[in-house]
């Protein structure tokens, strides 16, 4: 309890000093080239909000390995991975980065206008059969529509970039993909059928569930409370800038790899919609409910030995933005 109070005081103090470089040592954050985390880190550095040393990595798996090897202090990763690691003895803790995950999209000419139209259609799914977006969509279709999408669709699992090409060629009627690819597809004329977050809400789980978050060693955080508090405060300040400033997005355009203004606007709007505006008891409870749902559907192959959220996964910090 004393450690939590100390950290909260440090976070509040850091947050009250906007646009001032913080004296705490640099935090080494693993980022992917053109990845959404690199946008926020760039804003932090551009405005001198905290001392950050980004380490560019080739892929998400490389980021996980770098974290485990101690080559970086933090990465942004799916919290289901964090939970599974924690359940098997790792000491990773998690702070929300994004509430956006992905969406079901369809070409303009596709007959798929709603989830109920999917039976008999060619459906592309980013990732594997255990991808959480797919499990959530399956749960929504089963509980709300009485449809078993696993049996009713012609499924193709692949990387999101490959699925995007297949959809352009007319070989898929709909694609369930990660949000940056959904945003780019919308900019090119595709339709959003349903966001995964909407399916979660329709299942009665609640809003504000984080899907990606900054992940770090609990032991490291306890040794470096000032560095972590400074960084988390800077992260919120950077999100505030990205929420308000379209000029900041225009500055970031080369880093987003947007092909034109329309694509940049879509990426901006999706990013803003996914910003975690608050984090507290209600959001942690919603995350626990979602975990239980996914554990029931995906089983040990998805969550490992833990059928419920492992204790300690969520770092003890809370916030509520003014707007």
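The values are calculated or read from the model by the stated rules, or taken from the named source; none is laboratory data. All values reported here derive from a predicted model rather than from experimental measurement. Positions of Cβ are backbone-derived with ideal geometry, glycine not excepted, and every protein chain shown enters the neighbour counts.
Listing for the model above:
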item: Filter result (in contact with a helix residue (DSSP H, G or I) (Cβ under 6 Å, 6 or more places away or on another chain) and surrounded by fewer than 17 Cβ atoms within 10 Å (Cβ to Cβ)) within the stretch 267-287; result: 272
item: Residue 305 vs. criteria farther than 22 Å from residue 95 by Cβ, at pLDDT below 95 and either part of a loop (DSSP other than H, G, I, E, B) or not assigned by TED's automatic domain parsing to the domain that holds residue 70 (or both); result: yes
item: Unique match (being buried (at least 18 other Cβ atoms within 10 Å of the Cβ) and over 21 Å from the mean Cα position of the chain (by Cα)) among 230, 217, 235; result: 230
item: Any hit, the stretch 117-129, residues being exposed (fewer than 14 other Cβ atoms within 10 Å of the Cβ), touching a residue at least 24 places away in the same chain (Cβ under 8 Å) and not assigned by TED's automatic domain parsing to the domain that holds residue 295; result: yes
item: Hey, residue 93 closer than 17 Å to residue 172 by Cβ and surrounded by 19 or more Cβ atoms within 10 Å (Cβ to Cβ) or not; result: no
item: Of all residues making up the stretch 16-62, the number that are modelled with pLDDT under 90 and surrounded by 17 or more Cβ atoms within 10 Å (Cβ to Cβ); result: 2
item: Residue among 264, 290 that is assigned to a helix (DSSP H, G or I), free of Cβ contacts under 8 Å to residues at least 60 places away in the same chain, out of contact with any strand residue (DSSP E or B) (no Cβ under 9 Å at 6 or more places or on another chain) and surrounded by 19 or more Cβ atoms within 10 Å (Cβ to Cβ); result: 264
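Here is a yes/no grid of residues against (1) in a loop (DSSP other than H, G, I, E, B); (2) closer than 23 Å to residue 320 by Cβ:
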position	(1), (2)
197	no, yes
207	yes, yes
243	no, yes
268	no, no
